[in-house]
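First the structure, in the form of structure tokens, and then the observations on it.
The values are calculated or read from the model by the stated rules, or taken from the named source; none is laboratory data. Worth saying up front: this structure is predicted, and the values here are computed from it rather than measured. Please note: Cβ atoms are built from the backbone with ideal geometry, for glycine as well, and neighbour counts cover all protein chains shown.
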Amino acid sequence: MDATPEQQAADSFDPLRPRLIRLAYRMLGSVADAEDIVQDAFLRWLATDRTQVQSAEAYLRRVVTRLCLDQIKSARHQRETYIGPWLPEPVVQSAEDELDDVTLPLMMALERLSPLERAAFLLHDVFDVGFDDIADIIGREPAACRQLASRARTNVRAERPRFDLPPDRGMEIATAFFTASRSGDLTGLRSLLADDVTLHADGGGKRPASEEAIHGAAAVLQLHESLAYIFALNMSRIVQYGLINGLPGFITREADNILQTTALRIENGKIAEVYVVRNPDKLRHLRDDHARAH
């Protein structure tokens, strides 16, 4: 029996779906929005005369990028009214997975770019798309696209990953951080932190979290000292250690029985930044994944 047009469309689309979701996620910083964008692209693919399309991947990459550029306009307005630090939704890998070169700090740096700079940088530097094709996608001349990518590269250069830390060592530090921070071992915790460490906690106004980043080892220690009583009554439970947006970290289930992610940027063997996502809206995909796993 011949495949239906719908099945033919799905057969050509599904192998490209993971790569399209990666592109959309890096454009938007939201797993749920990325999945919605890619599903919208599939519906458009169904309605397209696919016999006229030379490259399905190039066509769908253009559709997804343009949908993301439209989405960013509304997302930026929402960010302006967001309560506290904004962090991208966490994507978790096991320590054995291939390292992702778009780390959490780079994702945050991308937020400072214009939408077109972000698109040009990601398409060229991450997805290896040529400037002629980028010009067709975003509606600019190739020379202008080259300038957009160059400006973006300059602005985010400091946040490009430097994987000089073996993954197993990163997991050792993540494990030590969890143990010291939850047991009230402030001496042990201090030994892990860089003097100028910064802690970012994203509660989105829906769970308790500092509305400003916390700077300096003394302030981070003070925070954990104040949390020690809570942890003593209801110890966090480890759900999974792994790479969170390319950084060593872990998922925990906290006293309120809601998941939380913690990612650590490590420099010269010390924790330079701590990224904690507490906003339950940003953890829904992890909750669903763990529910299916159990």
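What single numbered condition from (1) at pLDDT 90 or above; (2) surrounded by fewer than 17 Cβ atoms within 10 Å (Cβ to Cβ); (3) outside any helix (DSSP H, G or I) fails to hold for Asp164?
(1)
Does Gly242 qualify as being among the small types (Gly, Ala, Ser) and out of contact with any helix residue (DSSP H, G or I) (no Cβ under 7 Å at 6 or more places or on another chain)?
Spelling it out, Gly242 is indeed among the small types (Gly, Ala, Ser) and out of contact with any helix residue (DSSP H, G or I) (no Cβ under 7 Å at 6 or more places or on another chain).
Would you confirm whether any residue within region 22-29 is at pLDDT below 95, surrounded by 12 or more Cβ atoms within 10 Å (Cβ to Cβ) and touching a Pro at 6+ places or on another chain (Cβ under 7 Å)?
yes
Have a look at Val53, Val31 and point out the one that is touching an Asp or Glu at 6+ places or on another chain (Cβ under 6 Å) and β-branched (Val, Ile, Thr).
Val31
Take the conditions without any contact (Cβ under 8 Å) to a residue 24 or more places away in the chain, of a type outside the set (Asp, Glu), buried (at least 17 other Cβ atoms within 10 Å of the Cβ) and over 28 Å from Gly29 (Cα atoms) and apply them to Ala180. Does it pass?
yes
Would you mind telling me which numbered condition in (1) more than 25 Å from Phe250 (Cβ to Cβ); (2) touching a residue at least 24 places away in the same chain (Cβ under 8 Å) Pro85 fails?
Here Pro85 meets the rest and fails (1).
Per-residue answers, yes or no, for (1) within 22 Å of the chain's Cα centre (by Cα); (2) over 25 Å from Ile83 (Cβ atoms); (3) in the same structural domain as Leu189 (by TED's automatic domain parsing); (4) among the charged types (D, E, K, R):
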residue	(1), (2), (3), (4)
Ser226	no, no, yes, no
Ile230	no, no, yes, no
Val239	yes, yes, yes, no
Asn245	yes, no, yes, no
Gly249	yes, no, yes, no
Asn257	no, no, yes, no
Val276	yes, no, yes, no
Leu283	yes, no, yes, no
Leu286	yes, no, yes, no
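With respect to Glu96, is the statement that it is modelled with pLDDT under 95, among the charged types (D, E, K, R), within 20 Å of the chain's Cα centre (by Cα) and surrounded by 21 or more Cβ atoms within 10 Å (Cβ to Cβ) true?
Judged against the criteria, Glu96 is not a match.
Can you work out which of the residues in region 28-82 that are of a type outside the set (S, T, N, Q) and outside any helix (DSSP H, G or I) is farthest from the chain's Cα centre (by Cα)?
Ranking the qualifying residues of region 28-82, first place goes to Asp49.
Condition first: under 16 Å from Gln93 (Cα atoms) and either of a type in the set (Gly, Ala, Ser) or not in a strand (DSSP E or B) (or both). Can you find one or more residues in region 251-260 that meet it?
No, there is no match, as no residue in region 251-260 is under 16 Å from Gln93 (Cα atoms) and either of a type in the set (Gly, Ala, Ser) or not in a strand (DSSP E or B) (or both).
Restricting the search to region 183-204, which residues are in contact (Cβ under 8 Å) with a residue 60 or more places away in the chain and surrounded by 13 or more Cβ atoms within 10 Å (Cβ to Cβ)?
Passing the criteria: Leu192, Leu193, Ala194, Val197, Thr198, Leu199, His200, Ala201, Asp202, Gly203, Gly204.
Among the residues of region 105-114, is any closer than 30 Å to Lys206 by Cα, hydroxyl-bearing (Ser, Thr, Tyr) and modelled with pLDDT of 85 or more?
Scanning region 105-114 turns up at least one residue that is closer than 30 Å to Lys206 by Cα, hydroxyl-bearing (Ser, Thr, Tyr) and modelled with pLDDT of 85 or more.
Taking Ala119, is it in contact with a Cys (Cβ under 8 Å, 6 or more places away or on another chain), at pLDDT 95 or above and buried (at least 21 other Cβ atoms within 10 Å of the Cβ)?
Considered against the rule, which asks whether it is in contact with a Cys (Cβ under 8 Å, 6 or more places away or on another chain), at pLDDT 95 or above and buried (at least 21 other Cβ atoms within 10 Å of the Cβ), Ala119 comes out as yes.
Could you figure out which of (1) in contact with a strand residue (DSSP E or B) (Cβ under 9 Å, 6 or more places away or on another chain); (2) outside any strand (DSSP E or B) isn't true of Asp195?
So Asp195 meets the others, but not (2).
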